[in-house]
1. Given (1) more than 28 Å from residue 196 (Cα to Cα); (2) within 20 Å of the chain's Cα centre (by Cα); (3) in a loop (DSSP other than H, G, I, E, B), where does residue 361 come up short, assuming only one miss?
2. Can you name the residue in segment 315-333 that is touching a residue at least 40 places away in the same chain (Cβ under 8 Å) and out of contact with any Asp or Glu (no Cβ under 9 Å at 6 or more places or on another chain) and, of all such residues, is nearest to residue 70 (Cα to Cα)?
3. Failed condition for residue 24, given (1) open to solvent by less than 20 Å² (accessible area, probe 1.4 Å); (2) among the polar types (S, T, N, Q); (3) at pLDDT 80 or above, with all others met?
4. Just to be sure I understand, how many residues within segment 124-134 are among the hydrophobic types (A, V, I, L, M, F, W, C) and in contact with a Lys or Arg (Cβ under 7 Å, 6 or more places away or on another chain)?
5. Residue pairs, Cβ under 6 Å, 6 or more apart or interchain, first in segment 406-424 and at positive phi, second assigned to a helix (DSSP H, G or I) and acidic (Asp, Glu). List them.
6. Are any residues in segment 334-343 of a type in the set (Ser, Thr, Tyr) and surrounded by fewer than 17 Cβ atoms within 10 Å (Cβ to Cβ), and if so, which ones?
7. If you check 297, 281, 254, 316, which single one turns out to be within 19 Å of the chain's Cα centre (by Cα) and under 24 Å from residue 126 (Cβ atoms)?
Amino acid sequence: MSSHLGRYEQVGEILARHGLGVLTDVMGVGRWFGNLRAPGTNTRDRTTTPVRLRLALEDLGPTFIKLGQLLSTRSDLLPPPYLTELSKLQDAAPAVPPTDILDTIRAELGADVQELFADFDVHPLASASIGQAHAAHLHDGTPLVVKVRRPGVVAQVEEDLAIVQRLARQASRRWELARGYDLEGIAQDFAISLRAEMDYLQEGQNAERFAANFSADPDVLIPRVFWERTTSRVLTLERMTGIKVDDLEHLDAAGVDRAAVARRGADMVLTMIFHDGFFHADPHPGNLFVTPDGRIALIDFGMVGELNEELQEELADFLIGFTQQSPSLLASALYALSVTKDVEDRPRLERSLAGWVSQYAGRPLSEVDFTHLIGQLLALLREHHLQLPRHMALLFKVLIMVEGLGVRLDHDFALGEVLTPYARRVVEDRVSVTATAQRLLRASGDAAELFIELPRRLRRIVETLDTSGIQIHVRAAELEPLVGRAERIGNRLVAGMVAAALINGIGELVAGERKGRSWVTLLMTAGLSTIGSLIGYLLWTGRRHD
């Protein structure tokens, strides 16, 4: 902490000023800031907690604004009032002085802007916390957008990331509410995501991957990357032009079919998710443009989501459970998806899922309000302390954004209608012969690996037992139920053996004697009565055990 003491003091002061000083206590750093929570120095009496949290994050600067934006996508972690407020966080910052921008380009690309571009506008198109974008042209007239990273931003972000990760560790140890969530994992994912966003080489590679995935689709436009003018601090892209996708007035004036655009945009995103497993994680209206002929241009590839094979299979299992209206399958799928595995009451989880899925029984997906459906599901996850992996949380957020934008473009838009063939294909692929064979092949590989590793692992166990032995601690109270159960099992086993012996003996007597002897009849009657009593005892003890 000492290496970042000045920044810690700033964090504590800002949290206290906004009436959130209690957070410094639960994160284990309250002793450093105890003198900062004087009465009258915060906004507690004037605003709600979600608003105060947003204002505090804005004052804390770029890293914490990005953290708030990430949390605004985590409906599985935060209730709606916090999501609504955090979604208002704007990643805007004062423009960097032109001389600093020109110096960065010269240092990165090895030449002045006059040599690199036919023209370069030093006034930014947009200025954000990580970097800012400038309009330019190549000497052949190609329109460009040049993104330049802010000087010194990496050092500032790295310091804040170290603080965020330390506070997450402290909160996980000290705050009971935080123990049900993987705060350290969230902080780690956030650090990975933000570092990738600061690396313009990574964003360029993301853009090229999308371009390759949609190379056969003329209705989707992805900007070209000019690699000879791109480094980790400077990114040069082809400039996309068109009408903003939510500018309904200009779309209508241009004669664009808004219903077709809504369908095309949904198809684009669903193809990314269900076909490519690699999707744009921030398809808000500012990143989507529509050409006069109805094509869609996509920009800003810093935030992406990716579904690996394991996540795709778990998503397919969830869809199968939903289509079959099976709370048990849904619970298993959600448990497999969840980062946290401490489900306290699985029967209660299944009852909650049964109530949720029963609302949609018999209804076609075209009639389902997906925003409402996903909202209910995420509330259920929060209730049962199940936490989604980051990419799956991004997927749900993207589906909500797509449905909202689609309805804005076309009041009759139904995401379920567009989603149905994609979901059906995922389910069919999951249960296909090829997929089953692949799972069996993977299972055989795992079994072979286990077979190879087994002797070495057994040898380690034996060595451990030889050197240090093994101690078992048992409490008497825990033994009583086990002893009682063992007694019941023993009694039932003896009764079963006696019944079997009687049946066998009676059978042999009957087979060896002539018919009509009264004593045989009496013996059979007595034996069958005894057997009936024993069977009754077995059934009764079995019922008690159940």
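1. (2)
2. Going through the qualifying residues, I end up with 315.
3. So the condition that residue 24 fails would be (3).
4. Narrowing segment 124-134 to residues among the hydrophobic types (A, V, I, L, M, F, W, C): 125-126, 128, 130, 133.
The next check asks that each one be in contact with a Lys or Arg (Cβ under 7 Å, 6 or more places away or on another chain); those that pass are 130, 133.
Number satisfying all stated conditions: 2.
5. That search, which allows pairs on different chains as well, returns nothing.
6. Restricting attention to segment 334-343, the residues satisfying the condition of being of a type in the set (Ser, Thr, Tyr) are 335, 338, 340.
Within segment 334-343, just 335 meets the criteria.
7. On the way: 297 fails: within 19 Å of the chain's Cα centre (by Cα); 254 fails: within 19 Å of the chain's Cα centre (by Cα); 316 fails: under 24 Å from residue 126 (Cβ atoms).
That would be 281, the only listed residue that is within 19 Å of the chain's Cα centre (by Cα) and under 24 Å from residue 126 (Cβ atoms).
Residue-by-condition table, conditions (1) out of contact with any helix residue (DSSP H, G or I) (no Cβ under 6 Å at 6 or more places or on another chain); (2) under 21 Å from residue 298 (Cα atoms); (3) open to solvent by less than 10 Å² (accessible area, probe 1.4 Å):
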| position | (1), (2), (3) |
| --- | --- |
| 136 | yes, yes, yes |
| 145 | yes, yes, no |
| 152 | yes, no, no |
| 166 | yes, no, no |
| 202 | no, yes, no |
| 207 | yes, yes, yes |
| 210 | yes, yes, yes |
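The values are calculated or read from the model by the stated rules, or taken from the named source; none is laboratory data. In this text, all values refer to a predicted model and were calculated from it rather than measured experimentally. Cβ atoms come from the backbone with ideal geometry, glycine included; neighbour counts cover every protein chain shown. Just so you know, the surface numbers come from the protein's heavy atoms only, side chains and all, with ligands and any DNA or RNA stripped out. Shrake-Rupley method; radii C 1.70, N 1.55, O 1.52, S 1.80 Å.
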